[in-house]
Structure formats: structure tokens, C-alpha cells
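What follows is a single structure, written as C-alpha cells, with notes after it.
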Amino acid sequence: MSTRRKSGWGRRLVIAVPYLWLLVFFLAPFAIVVRISLSEVAIAMPPYLPVFDLSQGFEAFWQDLSALSFDNYAWLAGDPLYINSYLSSLWIAGVSTLLALLIGFPLAYGMARAPHSWRPILMMAVILPFWTSFLIRVYAWIGILKPEGLLTLFAQTIGILSPDDQLRILNTNTAVYIGIVYSYLPFMVLPLYAALERMDASLLEAAQDLGCPPLKAFWSITVPLAVPGIIAGCFLVFIPAVGEFVIPDLLGGSDTLMIGRTLWNEFFNNRDWPVSSAVAVLLLLVLIVPIVAFQHFQQRQQEAMR
Amino acid sequence: MAKTMGPVRRAFAPWDDPLAEPLIRFERISKRFGDFTAIDDVSLDIYEREFFALLGPSGCGKTTLMRMLAGFETPSEGRILLDGEDISAIPPHRRPVNMMFQSYALFPHMNVADNIAFGLKQDNLPKTDIAACVEEMLSLVKLEPFAKRKPDQLSGGQRQRVALARSLAKRPKVLLLDEPLGALDKKLREETQFELMDIQEKLGMTFLIVTHDQEEAMTVADRIAVMNEGTFEQIAPPSVIYEEPSSRYVAGFIGDINLLEGTLATSLDKAPTFASPDLPAPVTVEAEGLASGPVALAVRPEKLRIALDEPADDPAMAKVSGRVWDIAYMGDVSIFHVRLSDEVCEGQPKDDSVPIIRATIANTTRLVERPIAWDDKVWLSWDKSAGVVLTR
Ligand SMILES: Nc1ncnc2c1ncn2[C@@H]1O[C@H](COP(=O)(O)OP(=O)(O)OP(=O)(O)O)[C@@H](O)[C@H]1O
Ligand SMILES: [Mg+2]
């Protein structure tokens, strides 16, 4: 009897741990951010008017609640800078995802078709960049893309660029695309590889046997069977890319609008914590749609596997 | 066995006709994977409208042979001719050959109907024709209620039938069936066998079928090739394979058979005799054109007669005595295991020191009381033409 109760508690604890984790490290900070977003700027430390301050008793708390201001959200809606930042973020993330897919698919396909003994090595090659700090890798791209950088040098050496010309890629959206695609490519390749590797090679033989030329067989057999990998990869690239800050900040130009950057400016340059908190909350809401869609998809996928 | 009764079928033996041109010709084909030889210098002619069966143990190279014909493996040596033309340069999707894969290889993202329609769609046939053909195939394999199911929602036997329907749908000139009926129950398997024979005859297709089921091979095939480790042991019509196996291997592979090792003695003036330490006396055999030497005598169990009394001496008959070791009642037949020794079986160890011969006797009457019981001394006799002398 007692052992069963114990194991019951053990199980509950095991289930509780991830929820506790979420509560402490996600929900609580998020609640704080939401709280700040409902406040107003003040010249103080921290730089906003306190809300929900329980130290002054419940009375004050209720007063606060009735006096809550959604001004910050109204402000976001009113200023095209924010809307444009959101839209531009979605656009840049979308284009980058597409590029990552176009580059990642052949990579993953090649890996899945490589001899068995090579595959662990190829897998390592895909994961290897993670061993270096993300920040350092993005910095390295500055050295490559800057006007007098390695890429210019290379282009001049092989003669497609005259010695007096320089490539103007750094500080443009192109550099941001390059940075995002480079940084998030492994997240595209790995799920694609998993999907393609699982595919039975005899399916393509069967298709050819039935009169289907190889290229057509690729489109009617390989691609549909890779769809789970394609969807997973796209979500895994798109979701973090929307909120990306480091890449647009280091590689993007002054006109590169991305919401992560806007948030940073609001927070550190304008010291407007309430507005930047509101931006963060909205960003999360924007991302919740694809995240929930992804979860839903994953669940269906798992059910189908059973 | 229906087709052997047809007058057309009886005359069908193009392999005996020196002028007949084969549809498929394997010309000294070898296939090596690394240093492993899967197919070892084989030649084979298959004729138009023939139903040809490959029979052999697992791993002997049956699938490999088919895959070379379908175009998924290239022969290491030799060439394959289709209608007299070398097909090595033709890619698989342009060969007029369809294959049913041993692993089925059904497209998991398509339902049953789409799987069957896949090959037809490649030919850009009108939609209505495709639909009609799919219907026909579905009813042929009795899967109409499952047309909209995905392969993973089907049982193993149903999947196998989808694979069969898919390969049949295009009505190719040559159809390769790699164990097409293995997962079906006996009744459905027999029905499908006859359907296959029917289709093959009606459409004039050429079938190359792999099977592990020798009964199936006997039923459907015009000719059977018995394979062993990448080579052909014997290529012949079922009755020849059964009645005149060319080697111990073939004899042992098809059906049940009694094999006695011994020596053949031939002389000009006397009928050839077979002597064996297992037999009390030499028996006369038919051994035309064979020289004296070590051989095996093979006798099918159903060709033996069993009696309590010694049969009268007859130059056309061979006989041997022993005691009944075991009787297996199989319903239609009983199998008598006779130990070739006059010792009482009771208490004897079961080992190979004394040979045991099996005789199959049809249970023509309802046996309430068996005339022959355990440990009875019995005489086995057979027509000397029933014994086959094997030199290989
Ligand atoms: N791609 C390959 N690489 C290496 N060896 C192979 C390959 N394909 C087949 N073999 C080997 O060739 C031999 C013949 O294989 P095959 O598949 O033709 O056998 P099979 O007669 O069809 O057997 P089964 O009745 O079990 O299907 C086997 O020993 C197999 O291991
Ligand atoms: Mg096989």
C-alpha cells in the first residue's frame, strides 16, 4: 500500500517538474513582463511606475487594477514603426525559411543517400558549428561580408570583381538573410534528414518500375513523404528567426527593421520598459499562432506513427 | 491444374522447339556484390506467354535475378535480351517489365486506389479508363471496400494484394512476381493462383514468379527453375522436375522423397542393378546411358506399395522388407515409416544407422481397423521405373 502511494507521489513529482520549470522560468517572468507592459514610464529605478504592488495592501491593488492602462498597446498600434517591424520580421523570417529549405533539402537528401558509414560524419559536420558560440559565428560573417572582407577579396582574386570594386553586402537585408540561413540551417537539415532517411528506397524503384521517370518520382514520392520533415524544419527556423536580434543588429543595415531590434532600441536606447514589454508580449502573441500550429502538427504526426 | 487440361496448354512447349525465339534471354549472367557471387554464370530462356517459376531456398538469388531484369541491378557479366535486344541501356522506367516487390513497396501516402492507379497515370491515360481499370483490379484482388484506405491501415495479406494489383494494372508484357501470394491464407492463395493463370492466359502476358511454395510452383508454372546458390540445378516442366529430378538437390527440394545411397552396376547383358548397404539385396533399376559408379536411388513415397506378405518375384519390380516404425495419419493419406531391418522396432534408438523409408498410402476407405500396425513386418515394393537414379 505504502509503496504504491510513494510511487504515485514519485510519478506526480516527475510530471510536476516540467510544469514547475515552466512556471518559474517562463510563466513568472512573462507575468512580470506583462505587468511592466501595463505600466507607464517614469524617471526612476526601475524606470516605470509600479503596478500591482502588494506591499500597499489589497485596497491599493484593486485601485491599480481598475486604473490599468493599455496605453502602451494602443501606442504600438498607432505607430507604423512597430507594425512595420512586425511585418518586416515576418517577411525576413519567411524568406530566410524558404532559402533554408531550398539549401537544406539537397543537403539532407545527399546525407540520407550517402553510404551508411558516412552518415555519422556528415551528421557531425551539420552539428559542429554549435560548438562555437553563436555570437562569434555571426561576428565572423562581418569579417566575410564587409566591403574589404574575405568575400570581396575572393571575388577579386577569381576576377569576377574588379580590384577597385567592393561588395556591399554587410549592413543590408541580404546579409541578414545570409546570417539567418547560416545560423538556422541545421534546424532545417536535421528534421529533413530524419524524414528522408526513414524513406524506403524501394519506393522509388517501385515508382520507376511503374513507368515514372526519376525526376517525377522525386516529386510524387520523395517530396510528399518528406513533408513532415519540411514542416518541422520550417517551424524550427521560422519561429526563432522572427524574434532574432543579434543577426539583424550585427549584419543588418540601419533600414533593417526587425522586431527584436526595435525592442532592443526601445529598451536600452529609449529606456521605455513598458513599451518594450508590450512589444515583447505582442511578439509572443504573434508567434503563438505558428507555435500552436507546430504543436498540433507534431501531435498528429505522433498519432499517425502509432 | 485446370490449364494442363486445356488442349492449347498441352501443346505449349516452345522450349522444345529449336526455332522458337525466346522473349527473355539471360546470357551467361553473373552478379557479384563485392566479393560475394549472388548469381553465378547462368543462362535462361523464357518464352512469350510462359508462366515461369523460380524455386529455391532463401538467399539463392531469385530476387537478384528479377531485379536485373527490371533494371535495378546491372549484371556484373553477361547480358539480358528482351525480344532479341540487349536491354542494359534501357532505364527501369522504360522497360516493358513490371515487378511486384517482395517487400510490396506500397506508397504510404497514397490510398489503395491511388497506388493501383499510379502506373496507369504515368501513361497519361484518360481518367475514365484509369478508374475503370482500378475498379477491375480492386475486384480481382477482392479489395473493393478498401479502396480509400492507406496501406498502413491494411493487413499484411491485403497489402500483398494491393501490390499484386498495382503490378498487374499496367498489363506489362513481362510481369515479375516476387513471392506474390506468400502472405495469403490457403484458400485465397489458391483462388488467386487460378486468377493469375487466367489473367496470364487471357492477356497473353509472360510471368516470372518467385515462390517458396513448391505446390504453388507446380500448380501455376509451365516450367520451373530450381535454384541453388546462384545457379540453376534444373529447368524443366513441373512433371519432369517431380518425376525426373536431375540431382539429389532437386529431388530433395521438391516434394517428399526417399534417397538411398549406393552403387550402380551396369553390364551389357543384364539389367542394371542398384546395390546399397541399406538394402538386403540389389534391386533392378532403370538407368539408361549411365555408367557404373556411386549413385543415389530416389523413390517417391507415393510410388511405393506396402504389404504384409512378400510379393511374388517380378523382374519389373523391386522389393525390400522392414518393420513399421511409425504411421502418420494425414487424413487423405497415411505415411508409413518403415525401418529397413527385421529387428523389432520397440526399444531401438532413432538414428541414421538403419534407413527409414516413407511410403504414402491413400486412405481409400474409412479405416477403422488398420490392417498394418506398428512393428509389423512389411514388404515395400515399387515398379523399377519409379526409382530414379541420380548421379549428381
Ligand atoms: N545489394 C546487395 N548487396 C550485397 N549482397 C546482396 C545484395 N542484394 C542481395 N545480396 C545477397 O545476394 C544473395 C541473393 O539475394 P536475393 O535477394 O536474390 O535472394 P532470394 O533468393 O530472393 O532470397 P529470398 O527467398 O529470401 O527472398 C543473398 O545472399 C543476399 O545477401
Ligand atoms: Mg527474394
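Is it fair to say B:Ala132 is away from ligand 1 (no atom under 16 Å from the Cβ) and open to solvent by 30 Å² or more (accessible area, probe 1.4 Å)? Judged against the criteria, B:Ala132 is a match. Close Cβ contacts (under 7 Å, 6 or more residues apart or on different chains) running from residues in segment B:93-117 that are more than 7 Å from chain A (Cβ to nearest Cβ) and in a strand (DSSP E or B) to residues that are open to solvent by less than 10 Å² (accessible area, probe 1.4 Å) and polar (S, T, N, Q) comprise B:Met100/B:Ser167. Checked against (1) out of contact with any Asp or Glu (no Cβ under 6 Å at 6 or more places or on another chain); (2) modelled with pLDDT under 90; (3) more than 13 Å from chain A (Cβ to nearest Cβ), B:Phe52 passes all but condition (2). Among the residues of segment B:71-92, those that are of a type in the set (A, V, I, L, M, F, W, C) and more than 9 Å from every other protein chain (Cβ to nearest Cβ) comprise B:Ile80, B:Leu81, B:Leu82, B:Ile87, B:Ala89, B:Ile90.
A:Phe238 meets the conditions (1) surrounded by fewer than 18 Cβ atoms within 10 Å (Cβ to Cβ); (2) away from chain B (no Cβ under 14 Å) in every case but one. The failed one is (1). Only one of the numbered conditions (1) farther than 30 Å from B:Leu69 by Cα; (2) touching a residue at least 40 places away in the same chain (Cβ under 8 Å) is not met by A:Thr174, and that is (2).
Where helices (runs of 4 or more DSSP H) sit wholly within segment A:93-165, those with at least 3 residues that are farther than 21 Å from A:Thr256 by Cβ occupy A:119-127, A:150-157. Here the strands (runs of 3 or more DSSP E) wholly within segment B:150-235 that include at least 2 residues being of a type in the set (S, T, N, Q) are B:206-211. The residue that is surrounded by the most Cβ atoms within 10 Å (Cβ to Cβ), among those in segment B:138-180 that are within 12 Å of chain A (Cβ to nearest Cβ) and within 16 Å of ligand 1 (Cβ to nearest atom), is B:Ala163. Every condition in (1) within 16 Å of ligand 2 (Cβ to nearest atom); (2) surrounded by fewer than 22 Cβ atoms within 10 Å (Cβ to Cβ) is met by B:Met99 except one, and the failing one is (2).
Taken together, the criteria place B:Glu215 among residues that are under 19 Å from B:Lys62 (Cβ atoms), more than 16 Å from ligand 1 (Cβ to nearest atom), more than 14 Å from every other protein chain (Cβ to nearest Cβ) and without any contact (Cβ under 8 Å) to a residue 12 or more places away in the chain. Residue selection: B:Ile24 satisfies the criterion of being buried (at least 16 other Cβ atoms within 10 Å of the Cβ), among the β-branched types (Val, Ile, Thr) and more than 16 Å from ligand 2 (Cβ to nearest atom).
The values are calculated or read from the model by the stated rules, or taken from the named source; none is laboratory data. Keep in mind that this is a model prediction, so the values were computed, not measured. Every residue, glycine as well, gets a Cβ built from its backbone with ideal geometry; the counts of neighbours run over all protein chains shown. For the accessible areas, the whole protein counts, side chains as well, though only heavy atoms, and no ligand, DNA or RNA atoms are used. Shrake-Rupley method; radii C 1.70, N 1.55, O 1.52, S 1.80 Å.
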